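Novice: Okay, handing you the structure first.
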């Protein structure tokens with residue numbers, strides 16, 4: 001089993017790095033995942049996206065589409081790609097501790 | 001089933017959209033946006049009737065063909081009844097919206113904002129007597145086939 005070391009605690013993740021147990025998520029876990037994804041520091045803008053993804057996941061059981069993310073998170077698409085380079089929906093989902101998005105949009 | 005089995009992941013796609021029907025345009029847009037979401041660079045090249053997808057005048061009024069389209073599973077003579085194409089189009093547009101797939105104009109904006117490059121084919125732009133001002137703001141340039149290949153360096157070219 002793959003695990004993520006967060007301040008000495010082992011957190012189980014799948015082979016792509018998504019949390020296996022969403023209940024393991026906290027801000028420190030998010031920071032470690034972000035670093036692994038090449039994001040050195042999570043700014044307020046990152047957190048706005050992360051919190052939005054968690055809110056949608058709580059309501060719908062799945063992360064938002066990139067379209068919804070761009071329209072409703074308060075962070076436009078151009079900025080999303082800057083904040084989470086190379087695939088914002090998946091990267092932000094991973095950092096937010098929710099399941100990998102499976103939609104095509 | 002979807003692992004890369006030791007192959008190098010795709011880095012860049014160059015998608016050519018040559019048709020102007022709703023069903024001719026959407027697959028290319030979905031693949032381009034999908035590529036960008038995977039961290040794959042994407043370029044779209046619109047040619048022939050595909051230009052309708054980036055023309056301000058036509059881009060949000062693309063239709064589904066109900067004639068000469070066997071996959072519609074309706075007889076040709078029914079497909080030819082006035083209003084059939086409009087009916088099929090509005091039905092498909094509703095289904096598209098249900099899947100949270102945006103209208104063409106908004107989709108192009110999304111792709112462009114995500115870093116996708118949008119190009120129009122020079123030969124067909126000239127053939128249809130169009131100019132840059134006929135196209136939506138997201139069109140980066142009008143280029144020749146040669147320039148399209150240059151811009152496609154390192155890309156997988158997908159023709160739709």
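None of the figures in this text is laboratory data; all of them are computed from the coordinates on show. Small disclaimer: the values here were computed from a predicted structure and weren't measured. Glycine also receives a Cβ, built like all others from the backbone with ideal geometry; neighbour counts cover every protein chain displayed.
Novice: Using a Gaussian network model of chain A whose springs link C-alpha atoms within less than 10 Å, name the residue from A:70, A:17, A:38 with the highest mean-square fluctuation.
Specialist: Looking only at A:70, A:17, A:38, the biggest GNM fluctuation is shown by A:38.
Novice: Using only helices, what value at 222 nm comes out for chain B when you add -39,500 (n - 2.57) per DSSP H run of length 4 or more and divide by the total residues, to the nearest 500 deg cm²/dmol?
Specialist: Working: 6 runs with 58 residues, N = 160.
Value at 222 nm, helices only, nearest 500: -10500 deg cm²/dmol.
Novice: What's the whole-number percent of alpha carbon pairs in region A:44-96 lying beyond 14 angstrom? Let's see the in-between values first.
Specialist: Values: 551 of 1378 pairs.
Roughly 40 percent, once rounded to a whole number.
Novice: Only Cα pairs under 8 Å and at least 6 apart count here; give the relative contact order of region B:57-160 as a rounded whole percent.
Specialist: Details: 65 pairs, mean separation 21.2, N = 104.
With pairs under 8 Å counted, the relative contact order is 20 percent.
Novice: Also, I was wondering about something else. Using a Gaussian network model on chain B with a 10 Å cutoff between Cα atoms, which of B:22, B:130, B:99 fluctuates the most?
Specialist: B:99
Novice: Could you compute Rg(Cα) / (2.2 N^0.38 Å) for chain A, with N its residue count?
Specialist: Numbers: Rg = 12.8 Å, N = 105, 2.2 N^0.38 = 12.9 Å.
Computed over Cα atoms of chain A, the ratio equals 0.99.
Novice: For residue A:27 and residue A:45, compute 0.36 nm times the residue count separating them, minus their Cα-Cα distance, and round to one decimal in nm.
Specialist: Going from the current span to full extension adds 5.0 nm.
Novice: Let me ask something additional. As a test of understanding, state the convex hull volume per residue of the protein assembly as shown from its alpha carbons, in Å³.
Specialist: Values: hull volume 41.8 nm³, N = 265.
With only Cα atoms used, the protein assembly as shown gives 158 Å³ per residue.
Novice: Let me ask something additional. Kindly give the semi-axes, whole Å and largest first, of the ellipsoid equivalent to region B:89-149, taking each as the square root of 5 times a Cα gyration tensor eigenvalue.
Specialist: Values: eigenvalues 141, 43, 21 Å².
For region B:89-149, the ellipsoid semi-axes come out as 27, 15, 10 Å.
Novice: Peptide B:100-109: average number of partner chain Cβ atoms within 10 Å per residue? Don't skip to the end; give the middle numbers.
Specialist: Details: counts 9, 5, 6, 0, 0, 0, 3, 2, 0, 3.
Taking all residues of B:100-109 together, the mean is 3.
Novice: Another question, if that's okay. Figure the gain on full extension for residue B:8 and residue B:86 (residue separation times 0.36 nm, minus the Cα-Cα span) and round it to one decimal in nm.
Specialist: Numbers: separation 78, 0.36 × 78 = 28.08 nm, distance 4.39 nm.
Between residue B:8 and residue B:86, full extension yields an extra 23.7 nm.
Novice: State, as an integer percentage, the relative contact order of region A:44-96 based on alpha-carbon contacts under 8 Å between residues 6 or more apart. Please list the in-between numbers first.
Specialist: Working: 50 pairs, mean separation 21.4, N = 53.
Normalised by residue count, the contact order of region A:44-96 is 40 percent.
Novice: For an R0 of 41 angstrom, estimate the FRET efficiency from the Cβ-Cβ distance between residue A:14 and residue B:157 and round to the nearest 0.05.
Specialist: Values: r = 33 Å, r/R0 = 0.81.
So the FRET efficiency works out to roughly 0.80.
Novice: Only Cα pairs under 8 Å and at least 6 apart count here; give the relative contact order of chain A as a rounded whole percent.
Specialist: Details: 134 pairs, mean separation 28.7, N = 105.
Rounded, it is 27 percent for chain A.
Novice: Under the Kirkwood approximation for Rh and a Cα-based Rg, what ratio Rg/Rh is obtained for region B:13-159? Let's see the in-between values first.
Specialist: Working: Rg = 15.6 Å, Rh = 15.8 Å.
Across region B:13-159, the Cα-based Rg/Rh ratio is 0.99.
Novice: Looking at region B:13-159 only, what percent of DSSP beta bridges run antiparallel? Nearest 5 please. Before the final figure, lay out the partial values.
Specialist: Numbers: 1 of 17 bridges.
Of those bridges, close to 5 percent are antiparallel.
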